[in-house]
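Remarks on the structure that follows.
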Amino acid sequence: MDRWYWCDSSLTFGEIVASTAKSIRLYDGDKKTTFEDGHLTLTNLRLLWRHESQSSSLGLHLGLVALVEEEPGGFTSSPKLILHLAMPSHTQPAGPVTTSHNSHIKLCFKQGGCSSFHQGLQKALTDQEWEKLTVQTTPTNHQTNKRPQGKTIHTGILGIERAIQAKQQQTNQNISRAFEDLKNLMDLAKDMVAISKSISSKMKERSGEVSADDATQFRSYLLSLGIDDPVTRETHGSATTYHHNLAREIANALETPVKEAGGVMLLSEVYCRINRARGLQLLSPEDVMNACQVMKQSNQSIHLHTFESGVQVVQSVGLDQEKVMKDTVEALQRYETLGMSAGDLARECGLPLLLAQERLLQAETCAEAVRDESSQGLRFYPNLFFTRDAQ
Amino acid sequence: MTEFEWPWQYSFPPFFTLQPNVDVRKTQLDAWCSLVLGWARKNNVGQIDVTGATSMAVFRNDSISRALPADGIRVVLDELAKRGNLEWTDKTKRRGYLFWRSVREWGQQIYQWAQDTSRINTVCTLFEINQGDETAGQEFHGLDGDILIKALKALEVAGKAELMDFGDNQGVKFL
């Protein structure tokens, strides 16, 4: 407790307020002192404790603080900070207590704020600004007559005003320091935003053409920045120019593959293929579906077809359903003895499983096939009820 | 007694799955009805209990590991009832009499025989009709007694016969 000394409440040259706390009680070692309900100020050089009724403060030089510990509060006690102190310098001015057994003090935070104060204190201790300042603040503070350069007033209303101003400046500095990292990023983003705005306006003028080269570059920039593509965002509903153009693109790209696949291709496969073809210009599944839905309207060479079960496929316009049915029946007849499952048909005709299943169900609806449900699964047979003479 | 000849459908696995296609189902049910009736006739099965039906030989073929499920059996029995070949004993439809030939048809046959043997306007005992020597060659020879009564009752409704009671004997007069 003898490390505290009396001083006035002004800040010395180069001293900046770091944080403050209210309703602080000082402890000498583990014993309570009479210094309670005070205002504690942490600066980069010292700790200042002041009671409202007094004008002078108790100061503690931060250079004397060896270790800070936090003592969490319980049900009956408030959180405390324990400051282990070194021996005071002989030049230290007089304090409330001349000698003390304890080399540690406690600050009791009756109204909380202990942790944040602790952080501030740690920072001040690591910074050790008192080492940097050449001016000896401790002894000069004691002499209340000595003033730092300029006739600045520390007491009275002007003094309070000055303190407020100083605090504001401090806050501003803190904020700007915190955001310095972001400034560079903001500068970069500003350029990017300007570029994207110019390109998007150019694209708008060209009425949303989905051409490969410009749009690819543009989208790659946007993807790297995470900005939404304005062309897709503008579309509402499914019958817009974007989807029509997209439909045309998909039809052109996939006409041959669909024909090679037997005239029918699952929508999921269409999605994979078109994205693979585009490379950087990835389409969302929703866009692909919407584009396929308008294919019929825009008279493309392929269009969307939905089965009863909900499976969606893309079919060539000239697909001969009869031929498909005949092929299915022929395949069924090859499997007359044991029946054909969807898997068998898929393997036989090189179709995806879902498509094979749809074909069999279609054959059943046309009375070309009959089903056999058993514990072994669903199999299909040619419709012998019709073809063979029933008993 | 020769073994019952199973129809080709009996070895066709899809036969044991109720077909969803309406047209196919109709054909399937026709086949089922004739199968059940033929089998019942051959094996002299006069009654069907729905709960025990799944274990009946006619509704399963273990050689192809297939059996008609309970709901399928129900559909077949309902179809038989519709055609007059099945008569439920009670409202809960748990048990029924199976007539491989419908009661009406039996009645008609018996009446035909009565006409052929000029028994019109005479009285016969029921014993004579289904057990007597004179009916030895007829199909209804050996017919179940209850079914015979039903058949005669059907004739009665048609106004072609009249049932009579002679104490411990029962008889019928053909009109």
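The values are calculated or read from the model by the stated rules, or taken from the named source; none is laboratory data. Since the model is a prediction, treat every value here as computed from it, not as a measurement. Backbone-built Cβ (ideal geometry, glycine too); neighbour counts: all protein chains shown. These accessible areas exclude ligands, DNA and RNA; they are computed on the full protein's heavy atoms, side chains included. Shrake-Rupley method; radii C 1.70, N 1.55, O 1.52, S 1.80 Å.
The set of residues in the range A:39-90 being charged (D, E, K, R) and farther than 18 Å from A:Gly120 by Cβ consists of A:Glu52 alone. Selection within the range A:367-388: residues that are more than 7 Å from chain B (Cβ to nearest Cβ) and farther than 16 Å from A:Lys326 by Cβ. The member of this set that is least open to solvent (accessible area, probe 1.4 Å) is A:Gly377.
Quick one: in the range B:4-26, of everything that is closer than 16 Å to B:Asn61 by Cβ and not in a helix (DSSP H, G or I), which residue is farthest from the other protein chains (Cβ to nearest Cβ)? Going through the qualifying residues, I end up with B:Phe4.
Going through (1) within 14 Å of chain B (Cβ to nearest Cβ); (2) outside any strand (DSSP E or B); (3) out of contact with any strand residue (DSSP E or B) (no Cβ under 7 Å at 6 or more places or on another chain) one by one, A:Gly318 falls short only on (1).
So which residues in the range A:49-76 are within 13 Å of A:Lys22 (Cβ to Cβ) and either surrounded by 21 or more Cβ atoms within 10 Å (Cβ to Cβ) or among the aromatic types (Phe, Trp, Tyr) (or both)? Full working, then the answer.
So the first thing to find is which residues in the range A:49-76 are within 13 Å of A:Lys22 (Cβ to Cβ), and the list is A:49-52.
Listed by number, the list holds a single entry, A:Trp49.
The residues of the range A:1-42 that are buried (at least 16 other Cβ atoms within 10 Å of the Cβ) and over 23 Å from A:Ser116 (Cβ atoms), listed by number, are A:Met1, A:Asp2, A:Arg3, A:Tyr5, A:Cys7, A:Asp8, A:Ser10, A:Thr12, A:Gly14, A:Asp28, A:Thr33. Within the range B:39-80, the set of residues being aliphatic (A, V, I, L, M) and open to solvent by 10 Å² or more (accessible area, probe 1.4 Å) comprises B:Val45, B:Val50, B:Met56, B:Ala57, B:Ile64, B:Ala67, B:Ala70, B:Val75. When restricted to residues that are open to solvent by less than 50 Å² (accessible area, probe 1.4 Å) and out of contact with any Ser or Thr (no Cβ under 8 Å at 6 or more places or on another chain), the range B:17-33 contains 9.
As a summary of the residue check, B:Leu29 satisfies the conditions (1) more than 30 Å from A:Tyr335 (Cα to Cα); (2) more than 9 Å from every other protein chain (Cβ to nearest Cβ); (3) not charged (D, E, K, R) except for the one numbered (1).
Residues in the range A:256-306 that are in a loop (DSSP other than H, G, I, E, B) and either in contact with a strand residue (DSSP E or B) (Cβ under 7 Å, 6 or more places away or on another chain) or charged (D, E, K, R) (or both): how many? Walk me through how you get there before you give the answer.
Of the residues in the range A:256-306, the ones in a loop (DSSP other than H, G, I, E, B) are A:261-263, A:279-284, A:294-301.
From what's left, either in contact with a strand residue (DSSP E or B) (Cβ under 7 Å, 6 or more places away or on another chain) or charged (D, E, K, R) (or both): A:263, A:295-296, A:301.
Qualifying residue count for the region: 4.
A:Asp327 meets all of the listed conditions (1) facing another protein chain (nearest Cβ under 10 Å); (2) open to solvent by 40 Å² or more (accessible area, probe 1.4 Å); (3) at pLDDT 85 or above; (4) outside any strand (DSSP E or B) but one, namely (1). Is one or more of the residues making up the range B:87-95 modelled with pLDDT under 90 and within 14 Å of chain A (Cβ to nearest Cβ)? No.
Applying the selection to the range A:336-366, what residues are within 12 Å of another protein chain (Cβ to nearest Cβ) and open to solvent by 20 Å² or more (accessible area, probe 1.4 Å)?
Applying the first criterion (within 12 Å of another protein chain (Cβ to nearest Cβ)) to the range A:336-366 yields A:336-340, A:361-366.
Scanning the range A:336-366 gives A:Glu336, A:Thr337, A:Leu338, A:Leu361, A:Gln362, A:Thr365, A:Cys366.
Does B:Val123 meet the test of being assigned by TED's automatic domain parsing to the domain that holds B:Lys26 and either over 20 Å from the mean Cα position of the chain (by Cα) or open to solvent by less than 40 Å² (accessible area, probe 1.4 Å) (or both)? Write out each step before concluding.
Details: assigned by TED's automatic domain parsing to the domain that holds B:Lys26: no; either over 20 Å from the mean Cα position of the chain (by Cα) or open to solvent by less than 40 Å² (accessible area, probe 1.4 Å) (or both): yes.
Answer is no for this residue.
Identify the single condition in (1) part of a strand (DSSP E or B); (2) within 30 Å of A:Gln376 (Cβ to Cβ) that B:Glu87 does not satisfy, given that it satisfies every other one. Here B:Glu87 clears every test but (2). Cβ separations smaller than 8 Å between residues 6+ apart or across chains give the following pairs from the range A:369-386 residues that are among the small types (Gly, Ala, Ser) to residues that are in a strand (DSSP E or B): A:Ala369/A:Phe380; A:Ala369/A:Tyr381; A:Ala369/A:Pro382; A:Ser374/B:Arg66.
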